[in-house]
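The values are calculated or read from the model by the stated rules, or taken from the named source; none is laboratory data. Please read these numbers as outputs of a predicted model, since none were measured by experiment. Here the Cβ positions follow ideal geometry from the backbone for every residue, glycine too, while neighbour counts run over all protein chains shown.
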C-alpha cells in the first residue's frame with residue numbers, strides 16, 4: 001500500500017510539473033518570434049503555437065496520436081470541435097493530454113482504493129468528461145455566434161450604407177464585435193489579406209460555426225457580387241428576419257418548457273426512488289438484482305424509460 005501511494009504521488013507530481021512546464025514553459029525561439037511578428041501585420045491577433053512543440057517526445061507522441069486518429073477518420077471532427085471551442089491545441093495534443101490526465105488519475109485512484117476496476121472507471125469518466133466538456137464549450141460558442149449574427153449583419157449593413165467597402169465592413173465587424181464573432185471575422189480578415197477570396201473566407205466561418213443563417217448571408221453576398229444590387233438592404237432584411245426567427249424560437253422554447261421538465265422528471269424519478277428505497281429497505285429490492293427475472297425486468301424498465309424520454313423529446317422539440 002505504501003509503495004503504491006508513493007508511486008501515485010510521484011506520478012501526480014511529474015504530471016503536475018509537466019503541465020506547468022507545458023503551459024508556462026520557455027518562450028518561442030527567435031525564428032518563431034520573427035514569423036509571428038511578420039504575420040501579426042496581417043491580422044489583429046497572433047495565432048497560438050502548439051504547446052507540445054517545445055518537447056520532442058511529446059511532439060512525436062502527439063503526431064503519432066494524430067496519425068492514428070486520421071486513420072480512423074476522427075481528426076476532422078476533433079479539430080472542428082477544438083476550433084469551435086477556441087482551444088489552442090492540435091487534435092494529437094488534445095488526445096495525448098486527455099489520455100495522460102486519465103492515466104495519472106487512474107494511478108492515483110488505484111493506489112488509494114486498491115481497486116483496478118474503480119481506477120479504470122475513473123479513467124473512462126475523465127475521458128468522457130473531457131469529450132463532453134469540449135463539445136459543450138463548442139456548442140456554447142456556436143450559440144453565442146448565432147445570437148450575435150443579427151447585430152453582425154446590421155453592423156455590416158450600416159457600414160456599407162456609410163460608404164465603406166465590403167472589406168472595410170468586415171474589418172469593422174472584426175474590430176467592434178464581441179467574441180466569438182470578433183475572433184472568427186478577424187481570422188477571415190487575415191486570410192483575405194493573405195490572398196484568399198473573401199467569399200471563401202466568409203464561407204469557412206459558416207462551416208466552423210455550423211451556422212446555416214450565416215451561410216445564407218454569404219450566399220447573398222456572393223450573388224450580389226455577381227449580379228449587383230443593394231447589399232446593405234439585403235443584409236438588413238436578413239438581420240430582421242433572423243431577429244423574428246429568434247423571437248419565435250424563444251416563444252416556442254417557453255411554451256415547451258413544461259414538457260421538457262416533465263421528460264426530465266419522468267426519466268430521473270425511477271432511479272431516484274430506486275436509490276431511496278435501497279437505502280431505506282435494501283431487502284425489498286434485492287430480488288431485482290439477485291435473480292435472473294429481476295435483472296431482466298430492470299433491463300426492460302431502463303429501456304422503456306429511455307424510449308419514453310426520447311419519445312417525449314421528439315414530441316416537444318419543434319423546429320422553427
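Residues checked against (1) more than 26 Å from the chain's Cα centre (by Cα); (2) surrounded by 14 or more Cβ atoms within 10 Å (Cβ to Cβ); (3) assigned by TED's automatic domain parsing to the domain that holds residue 305:
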{"position": "234", "(1), (2), (3)": "yes, yes, no"}
{"position": "242", "(1), (2), (3)": "no, yes, no"}
{"position": "263", "(1), (2), (3)": "no, yes, yes"}
{"position": "272", "(1), (2), (3)": "yes, no, yes"}
{"position": "278", "(1), (2), (3)": "yes, yes, yes"}
| Cβ-Cβ below 6 Å, separation at least six or inter-chain, first residue in the stretch 141-166 and outside the structural domain of residue 239 (by TED's automatic domain parsing) and without any contact (Cβ under 8 Å) to a residue 24 or more places away in the chain, second surrounded by 16 or more Cβ atoms within 10 Å (Cβ to Cβ) and assigned to a helix (DSSP H, G or I): which pairs? | none
| note | Checked 134, 109, 125 against criteria (outside the structural domain of residue 217 (by TED's automatic domain parsing) and either loosely packed, with under 15 Cβ neighbours inside 10 Å or not in a helix (DSSP H, G or I) (or both)); the one match is 125
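Let's see how each residue does on (1) part of a helix (DSSP H, G or I); (2) modelled with pLDDT of 85 or more; (3) under 23 Å from residue 146 (Cβ atoms):
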| position | (1), (2), (3) |
| --- | --- |
| 239 | yes, yes, yes |
| 253 | yes, no, yes |
| 268 | yes, yes, no |
| 276 | yes, yes, no |
| 287 | yes, yes, no |
| 293 | yes, yes, no |
| 296 | yes, yes, no |
| remark: When residue 205 is run through (1) under 16 Å from the mean Cα position of the chain (by Cα); (2) without any contact (Cβ under 8 Å) to a residue 40 or more places away in the chain; (3) surrounded by fewer than 19 Cβ atoms within 10 Å (Cβ to Cβ), the failure sits at (3)
| query | Looking at (1) assigned to a helix (DSSP H, G or I); (2) exposed (fewer than 15 other Cβ atoms within 10 Å of the Cβ); (3) free of Cβ contacts under 8 Å to residues at least 60 places away in the same chain; (4) under 26 Å from the mean Cα position of the chain (by Cα), which is the only condition residue 88 fails? | reply | (1)
| message | Can you pull out every residue in the stretch 177-197 that is in contact with a helix residue (DSSP H, G or I) (Cβ under 7 Å, 6 or more places away or on another chain), touching a residue at least 12 places away in the same chain (Cβ under 8 Å) and in a helix (DSSP H, G or I)? | response | 181, 184, 185, 186, 188, 189, 191, 192
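Residue check: is residue 300 out of contact with any helix residue (DSSP H, G or I) (no Cβ under 9 Å at 6 or more places or on another chain) and assigned to a helix (DSSP H, G or I)? Before the answer, list the steps.
Values: out of contact with any helix residue (DSSP H, G or I) (no Cβ under 9 Å at 6 or more places or on another chain): yes; assigned to a helix (DSSP H, G or I): yes.
It is true that residue 300 is out of contact with any helix residue (DSSP H, G or I) (no Cβ under 9 Å at 6 or more places or on another chain) and assigned to a helix (DSSP H, G or I).
Just the residues that are surrounded by fewer than 17 Cβ atoms within 10 Å (Cβ to Cβ) and assigned to a helix (DSSP H, G or I), please, taken from the stretch 152-165.
As a first pass, look at the stretch 152-165 and keep what is surrounded by fewer than 17 Cβ atoms within 10 Å (Cβ to Cβ): 158, 161-165.
Result: 158, 161.
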| query | Being modelled with pLDDT of 90 or more, crowded, with 19+ Cβ neighbours inside 10 Å, in a helix (DSSP H, G or I) and not assigned by TED's automatic domain parsing to the domain that holds residue 77, is that true of even one residue in the stretch 224-231? | reply | no
